[in-house]
Amino acid sequence: MTKSSKSIYVLSTGGTIAMHRTSQGYAPAPGHLAKSMEKLPELHNPDMPRYVVHEYENPIDSANMTPDHWAQIGDHIQKNYAEYDGFVILHGTDTMAYTASALSFMLENLSKPVVFTGSQLPLFETRNDARENLINAILIAGHYRIPEVCIYFNNKLFRGNRCKKVDASSFAAFASPNFPTLGKVGSDIVMRHHLMRPTPDASLQLQRFHAAEIGALRIFPGISPELLRQCLRQPLQALVLETFGLGNAPDNKMFFDIVKEAVDAGLVIVNCSQCTTAKVKMSEYAAGAALLKAGVVSGGDMTAEAALAKLFYLFSKQLSLAEIKMQLVKDLRGELTI
Ligand code: ASP
């Protein structure tokens with residue numbers, strides 16, 4: 001067995017992986033995770049990277065994540081960047097795809113692996129998926145050159161900003177419907193480096209997200225014009241509009257006028273499909289072409305999670321509206337197929 005010389009910074013934000021049982025159901029417990037990890041003999045094998053664990057004083061269910069928490073995670077990575085070879089972020093599965101997407105934009109010129117993982121059953125349970133996810137995430141972050149923010153879950157390594165939580169209880173909680181997996185873990189670990197982002201020359205920069213009024217709206221058959229009008233009102237600055245199929249929405253005059261008026265008043269609307277696997281093509285149907293004519297921007301094959309994070313990022317860079325719209329249709333972190 002070769003002794004690993006790598007060292008990993010493990011940040012635990014909470015989530016099921018770090019929870020214990022309470023009378024109200026699973027809940028985060030401070031200090032619980034590090035103690036459970038100490039009891040795992042595999043983590044002390046010489047071929048495992050060395051690691052330090054930093055646990056949030058108040059670990060959270062990821063349903064409570066906010067852009068401020070995203071910034072805290074970014075701060076931890078930035079502060080410890082020079083000292084460690086890779087980073088493992090333990091996080092609840094519910095909003096992991098949002099946080100991983102946000103960090104992929106925040107961490108400019110990332111050249112080290114940042115691997116998010118969590119589990120559907122807590123580490124303390126006899127039968128759990130936490131153990132495998134944790135061990136493999138640490139191994140991958142330590143032993144592979146991956147200049148990306150990833151999610152490792154159930155033997156698969158995904159690009160973080162391509163992921164969606166697709167199953168609320170199976171161990172296969174995540175999928176990357178519009179982009180192949182970056183790696184697979186079986187009896188061998190197979191990494192697909194040709195699919196990964198190039199390693200940047202410049203040094204890491206953290207682009208913190210500033211407060212911005214960004215929203216998301218999933219349209220549905222019969223959505224009322226009044227509801228739509230209310231949703232698009234100021235102070236909203238940008239919206240991920242989740243549409244049907246290839247990016248279609250009602251193309252009646254009332255719907256069109258409300259959307260156009262909002263865009264003309266400066267609202268940035270990004271069109272993402274409600275379909276799990278999809279690439280928006282607004283010119284395919286008249287019902288999509290109306291949105292295009294109203295000035296809605298195509299989200300292409302971005303997930304709604306990635307589109308939302310990208311909006312936060314672009315609004316934080318203090319760009320003009322025209323520049324924001326141009327950047328939205330560019331591939332910045334592998335989030336979009338051009
Ligand atoms: N509610 C939990 C969370 O997202 C679910 C999980 O971790 O699997 O924090």
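Data table
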read-out: ³J(HN,Hα), Karplus 6.51/-1.76/1.60, whole Hz, each residue of region 21-28, x for Gly, Pro; value: 8, 10, 5, 9, x, 4, 8, x
read-out: Other-chain or far-sequence residues with amide H under 5 Å of SER12's (modelled H); value: HIS54, GLU55, TYR56, LEU90
read-out: Estimated distance in nm for a label pair at SER5 and GLU213, the labels positioned 7 Å out from Cα along Cα-to-Cβ; value: 5.5
read-out: Extension gain from LYS293 to ASP201, taking 0.36 nm per residue of separation minus the Cα-Cα distance; value: 29.1 nm
read-out: Within the chain, helix-based [θ] at 222 nm, where runs of 4 or more DSSP H residues each add -39,500 (n - 2.57), nearest 500; value: -8500 deg cm²/dmol
read-out: Cα centroid separation - region 192-217 against region 233-289, whole Å; value: 25
read-out: Whole-Hz couplings from phi, Karplus 6.51/-1.76/1.60, listed for region 134-143; x for Gly and Pro; value: 5, 4, 5, 5, 5, 4, 5, 5, x, 10
read-out: Region 39-155, dipole about Cα centre (Lys/Arg Cβ +1, Asp/Glu Cβ -1), debye to the nearest 20; value: 260
read-out: Nitroxide proxy distance, nm - points 7 Å out along Cα→Cβ at ARG127 and LEU321; value: 5.6
read-out: Once exposed loop trypsin sites (Lys or Arg not before Pro) are cut out (DSSP; at most 11 other Cβ, 10 Å), longest piece of the chain; value: 128-232
read-out: Violating pairs (Cα-Cα greater than 26 angstrom) within the set LYS156/LYS310; LYS79/LYS164; LYS165/LYS330; LYS184/LYS281; value: LYS79/LYS164; LYS184/LYS281
read-out: Extension gain, SER170 back to VAL190 (0.36 nm per residue minus Cα-Cα distance, nm); value: 4.9 nm
read-out: Rounded FRET efficiency, nearest 0.05, which uses the C-beta distance separating LYS35 from GLN72 and R0 of 22 Å; value: 0.45
read-out: Difference of contour (0.36 nm per residue) and Cα-Cα distance, LYS330 to MET254; value: 24.3 nm
read-out: Loop-exposed GluC sites (Glu not before Pro) per DSSP, neighbour cap 13 Cβ within 10 angstrom, longest uninterrupted part of the chain; value: 84-212
read-out: For ALA175, residues with placed amide H under 5 Å, excluding near neighbours; value: LYS164, VAL166
read-out: Among LEU311, SER224, LEU246 - extreme Cα towards positive end, dipole of the chain, charges at beta-carbon; value: LEU246
read-out: Zone residues, region 1-39, relative to ALA63, backbone N less than 17 Å from point 7 Å out along Cα-to-Cβ; value: 14-29
read-out: ³J(HN,Hα) computed for each position of region 118-126 - Karplus, 6.51 cos²θ - 1.76 cosθ + 1.60, integer Hz, glycine/proline x; value: x, 6, 8, 10, x, 4, 6, 5, 4
read-out: Of all DSSP beta bridges in the chain, antiparallel share, percent nearest 5; value: 35
read-out: Max mean-square fluctuation residue, GNM over the chain, Cα-Cα springs under 10 Å, options LEU110, LEU157, LEU43; value: LEU43
read-out: Alpha carbon centroid spacing (whole Å) that separates region 108-142 from region 1-53; value: 9
read-out: Long-range amide H partners of ALA27 with built H, under 5 Å; value: HIS20, THR22
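FYI, it's all coordinate maths here, none of it is from the lab. Predicted, not measured: the structure shown is a model, and the values here were computed from it. Counting neighbours? That spans all protein chains shown, and the Cβs are built from the backbone with ideal geometry, glycine included.
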